[in-house]
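Scroll down for the structure; my scribbles are underneath it.
The numbers here are math on the coordinates, done by the rules we state, and not lab data. Because the structure is a prediction, the values reported are computed rather than measured.
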Amino acid sequence: MADDMRHMELPGHFPPVRGLVGAQDGAVWVEEATTQTPFQRWRWFDLRNGTSGAVSVPAQFTLVDVLAGQSWGYEANADGIHSVIQYSIGLRHLGA
C-alpha cells in the first residue's frame with residue numbers, strides 16, 4: 001500500500017473536514033466542512049489504484065457506505081422519520 005500512496009496525486013491542501021467514511025471497497029471518503037447548501041461535497045481516495053474523485057449529495061443525506069458506485073445512507077423527513085437511501089453516483093476524477 002505504501003507504493004500506491006507514492007503514486008497518488010493528492011490536493012495541496014484540504015478544506016476543514018466534517019466526516020470520514022471507510023468504504024467496503026477500501027476507499028476513504030472525506031466530507032468537506034463547507035457552507036455549500038443544499039448539497040454536501042465528499043472526496044474519495046482509493047489507495048489500491050491511486051484514484052480519487054468528488055461527488056455532491058443532498059445536505060440532509062447521511063453517508064454510511066459506498067460500494068461499486070452506490071452510496072448508502074439515510075435521510076430524515078420533516079417528522080424526523082429516517083429512510084434508507086441509495087444513490088447511484090458517477091465518480092468523477094479530481095482534476096478532471
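Near the amide H of G19, within less than 5 Å, lie the amide hydrogens of E31, all on another chain or at least 5 residues away, with H placed in the peptide plane. Amide H contacts for T51 (H built 1.01 Å from N in the peptide plane; partners 5 or more residues away or on another chain; cut-off under 5 Å): D46. Whole-Hz Karplus values for the range 57-71 come out as 10, x, 4, 7, 7, 9, 6, 10, 7, 9, 8, 6, x, 10, 9 Hz, taken residue by residue from phi with 6.51 cos²θ - 1.76 cosθ + 1.60 and θ = phi - 60°; glycine and proline positions read x.
Report the extension gain between A76 and V64 in nm, rounded to one decimal, defined as 0.36 nm multiplied by the number of residues separating them, less their alpha carbon distance. Gain on stretching A76 to V64: 2.9 nm. Applying D = kT/(6 pi eta Rh) to the range 11-63, where Rh is the Kirkwood radius over alpha-carbon pairs, T corresponds to 20 °C and eta to 1.002 mPa s, the Stokes-Einstein value obtained is 185 µm²/s.
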